[in-house]
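Reading through the structure tokens given below for one structure.
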Amino acid sequence: MNAIIRFLPLMGRILITSIFLMSGFGKITDWSGTAGYMASKGMPMVPLFLTGAILFELGGGLSVLLGFKTGTGALVLAVFLIPATLIFHNFWTLDGMEQQMQMAMFMKNFSILGGLLLLTAFGPGPISIDNRQKGV
């Protein structure tokens, strides 16, 4: 059982970062579509914020995935996630089915934020670059 428990934090990091890594790469491969969506939400300086989103998602995602400077990477993702959630999942301005869908997306991000805060507080677990450098 201890061998399984040893791998659980790694599995958690893989799962929690998959959304950020996929989204970051998706933004690169569909730059114009993402830029158009951001503009439709009233975002100013779209190229700047789109570049920043990509850097936050890929940089923070890889940091947490690899367990390298995990607390910093998790905080980077949290800092990205808060405004992204408020801007793109503002369910309180909608009605009907769209409101329900955006509320679910908002709550999903809220839950991911909780996981990121746990990673910040408790670290990446035993299978990580951070703990390998400490000799754990």
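What follows is calculated from the coordinates using simple rules that are stated; it is not laboratory data. Computed from a prediction, not measured in an experiment: that's the story for all the values here. All Cβ positions, even for glycine, are placed from backbone atoms using ideal geometry, and neighbour counts span all protein chains on display.
Observations, loosely collected:
- Scanning segment 46-71 for residues that are under 19 Å from ILE19 (Cα atoms) and loosely packed, with under 15 Cβ neighbours inside 10 Å yields THR51, GLY52, LEU55.
- Segment 8-45 - residue that is outside any helix (DSSP H, G or I) and either within 18 Å of the chain's Cα centre (by Cα) or on the phi > 0 side of the Ramachandran plot (or both) and, of those, surrounded by the most Cβ atoms within 10 Å (Cβ to Cβ): MET45
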